[in-house]
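Structure first, then comments.
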Amino acid sequence: MAGLDAVIDISHNVQVSDFRAIRRANILAVIHKTTEGGDWFDPDYAPRRAEAEAAGLMWGAYHYGTRQYSGVKQASTFLKAAQPGPNTLLALDFEPNDYNPNNTMNLRQAEEFVHTIYQATGRYPVVYTHAAWANGERAGRRGIRLQEPVNPHSILARCDLWLADPRDQPEVPYAWADKGWRLWQYVANESAADTAYGGVSRAVPGVTHCDRNLFAGNLAEMQAFWRSGAPVRNGRTGV
């Protein structure tokens, strides 16, 4: 797999024992769940951020979008909780809500969210999604879909893509076909006891389980991207 295999994402559902062990395992960055909807805050976000940054890890914050609140409200809640600095990667998790399909974020809300983040920070968040969902196909365990697909003219397409796809050859959504992925979540819930990808363990010490991600670029490009949140010139496209 092409890319820098150095990013994990986690939430309060993951137990972390040692961020320094995570860093020693050649992990460079952690993206942590911060908020969901407009009224839920991950209680582990703030304390873990301090520990991770003290261990030398780059930090990212992600919001899980829902339908219950407007995109503007969700973005405001997220920014308040994330307290982003110049080195904080921001991300929107835009996918079907398998546990409560009726509470799935729609495209208009996602666009409002991105616009609000950009207006407040001057930076676009990365967008976490997968091809079937973004392309308007039925997706998730409940087989729901967007009323309309994300198209290349959407403000979402200005954001870098955080692609979710466990296959060897991931499918890039239509809206990002010209850009490719910047982050690729190639395996989810990887632990020492449950190897999810190709029979080769990619478990990370210091954490019970995690999702693993490739960054499309080299170390210097990743560091620059994390500092600025801007597209990396001459970086890899992942396609």
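No lab work stands behind these numbers, since they all come straight from the coordinates. No experiment lies behind these values; they were computed from the predicted model shown. Please note: Cβ atoms are built from the backbone with ideal geometry, for glycine as well, and neighbour counts cover all protein chains shown.
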Q. Rounded, prolate or oblate: which fits the range 4-228, taking a ≥ b ≥ c as square roots of the Cα gyration tensor eigenvalues, rounded meaning a/c under 1.5, else prolate when a/b beats b/c?
A. rounded
Q.
Straight-line reach from Lys179: which aspartates and glutamates fall under 17 Å, measuring Cα to Cα and dropping same-chain residues less than 8 apart?
A. Asp160, Asp165, Glu171, Glu221
Q | Two-site label geometry, Arg158 and Asn100: point separation in nm, points 7 Å out along Cα→Cβ | A | 3.1
Q. By a straight-distance test (C-alpha under 13 Å), which aspartates and glutamates pair with Lys73 as possible cross-link partners, with residues fewer than eight away in the same chain excluded?
A. Glu36, Asp39, Glu111, Glu112
Q.
Taking 8 Å as the Cα distance limit and 6 or more residues as the minimum spacing, I'd like the relative contact order of the chain as a percentage.
A. 22
(Q) As a test of the formula, what do you get for the chain when each DSSP H run with n ≥ 4 contributes -39,500 (n - 2.57) and the sum is divided by the residue count, at 222 nm and rounded to the nearest 500 deg cm²/dmol? (A) -7000 deg cm²/dmol
Q.
On a full-extension model of 0.36 nm per residue, what is the gain between Gln223 and Ala46, subtracting their alpha-carbon distance, rounded to one decimal in nm?
A. 61.6 nm
Q. If you plug each phi of the range 84-90 into the Karplus form 6.51 cos²θ - 1.76 cosθ + 1.60 with θ = phi - 60°, what whole-Hz ³J(HN,Hα) values come out, in order, with x for Gly and Pro?
A. x, x, x, 10, 9, 6, 10
